[in-house]
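Encoded as structure tokens, the structure appears first; notes follow it.
Throughout, read-outs are computed from the coordinates displayed, never taken from laboratory work. This structure is a prediction, so every number in the text was calculated from the model and none was measured. All Cβ positions, glycine included, derive from the backbone under ideal geometry; neighbour counts span all protein chains shown.
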Amino acid sequence: MTVIDLESYEDALATYDPVMGLEVHVELGTKTKMFCGCSTELKQDANSQTCPVCLGLPGALPVVNEIGVESAIKIGLALNCEIAEWCRFARKNYFYPDMPKNFQTSQYDEPIAFDGYLDVQLEDGEIFRVQIERAHMEEDTGKSTHVGGATGRIHGASHSLLDYNRAGIPLIEIVTKPIEGAGARAPEVAKAYVAELRELIKALGVSEARMEMGQMRCDVNLSLRPHGREAFGTRSETKNVNSLRSVERAARFEIQHRGVALDLETGGTIVQETRHFHEEDGSTTAGRIKDNAEDYRYFPEPDLVPVAPARDWVEELRKGLPELPRLRRARLKEEWGVSEHDMQSILNAGAVDLIVATTEVGAPADQARKWWMGELARNANETGRALDELGVTPAPVPAALRFRPGAPPFRLSASAAGFPGPWSRRRSSRRCGSAAAARSPPSTTASGVCPVPACRPRASCRRP
Ligand SMILES: [Zn+2]
């Protein structure tokens, strides 16, 4: 294992300004692929969702997915971008086994959306504006699986399997302009930007943007520039970082790592390279030397007509944009009467939409909030699941909240409402010996029946 020298974070920042660029790929939730009619359903047998177009067979001709273009325009509008009156696809030429055409259909100097911005809120409430360079349409590659090695990587593998079901799934790549002036908060800005972008994509309904499933992934580009100098330094690009926490860690690690490499006393030289992020320790290691755009020999895609979205269509899409997540959060915070800190916890738990849905079926906002942010949030956190993966839906919650008037509803009613899940057993054995039992009438506990609905009676539940 390679031991990497790291400069202390403070020392690196004492000498250098970090300059970041973030490239986020979003997999669109269209039913079919970007240039053919194949299903985007991935849970099928390998290579069952393919056709001559996405397999790159000779003579096959692509056709653009209209919903893909519409989604790209919505994303561009929500990011305050200009929408091109006319743009084209381009071929990005390179060989990779999971890309059967030997080129990726992408956009180069004529993206569909450009020159926008996204305001993101940092944890202390400060708003940081991230400038957007472009958002363009492209397609995903297939998937390689390396078999026979210990690590699942190509090194040490005896053979590789290729599944082209993912080849041709529509992607939108969103590229920021260089993010300067964030200083020590650069990693926090990176995380807040990706979080805000994810909320925006979900609000637009163009993708579920689940990072853990690869529906949204981020490349973190970073260079360090000595204080007072204009030119940017040589950058590294950490590829495919797939969680918010990892985006922050990758940026922080690279600031420390490049601080060492730039230190003249070490005689280090800087190369432009791609790097891999390692989830287990938050480090990055060198990948390949980074290619420049000219290495890809981009040229306009001759098999696709240019895309010229009608202005009235663009304006119609603009009018249909949902309330932006940051403004919606501010409104809900006001309506629910919660502190900034509590709102942040609700956001971190992924509970905003669940609480809204619960109020919409009749629960008071404060009780709906306590319901989701109590045992359920704790259970989700402990088991590494999202709140909406626990098998609990908002619809029955108002009835469950009324089950025991006056009782702390979110502690007692998950099991009472018949919801499945491990929390009922684990939770009852943990707590029913104390507060809940103590509050119940002596006659109940004297009979040996625990007052907590899901509890299996234990000695500790009974009063002497
Ligand atoms: Zn196809």
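Structural remarks
- Computed over all pairs of different Cα atoms, the Kirkwood value for the hydrodynamic radius of segment 9-319 is 20.5 Å.
- Summarising the label geometry, the points placed 7 Å from Cα in the beta-carbon direction at Tyr94 and Thr145 lie 2.5 nm from one another.
- Above-threshold pairs, the threshold being 25 Å between Cα atoms, out of Lys74/Lys177; Lys239/Lys319; Lys33/Lys92; Lys92/Lys319; Lys101/Lys143: Lys239/Lys319; Lys92/Lys319
- Residues of segment 378-394 falling in the label zone of Glu208, defined by backbone nitrogen less than 19 Å from a point 7 Å along Cα to beta-carbon, are 380-381, 383-394.
- Approximate spin-label separation Ser48-Tyr9, in nm, with each point projected 7 Å along Cα-to-Cβ: 4.7
- Scalar couplings 3J(HN,Hα) for segment 373-389, obtained by applying the Karplus form with A = 6.51, B = -1.76, C = 1.60 to θ = phi - 60°, are 8, x, 4, 5, 4, 5, 5, 4, 5, 5, 9, x, 10, 7, 4, 7, 9 Hz; x denotes Gly and Pro.
- Amide hydrogen neighbours beyond the local backbone of Ala113, cut-off 5 Å, H modeled: Ala84, Ala135
- Segment 150-190 residues near the modelled Arg129 label - backbone nitrogen below 15 Å, point 7 Å along Cα→Cβ: 177-182
- 3J(HN,Hα) along segment 135-144, derived from phi through the Karplus expression 6.51 cos²θ - 1.76 cosθ + 1.60 where θ = phi - 60°, amounts to 9, 10, 8, 7, 10, 7, 9, x, 10, 9 Hz, with x in place of Gly and Pro.
- Residue separation of His155 and Glu360 scaled by 0.36 nm, minus their Cα-Cα distance, works out to 68.5 nm of gained length.
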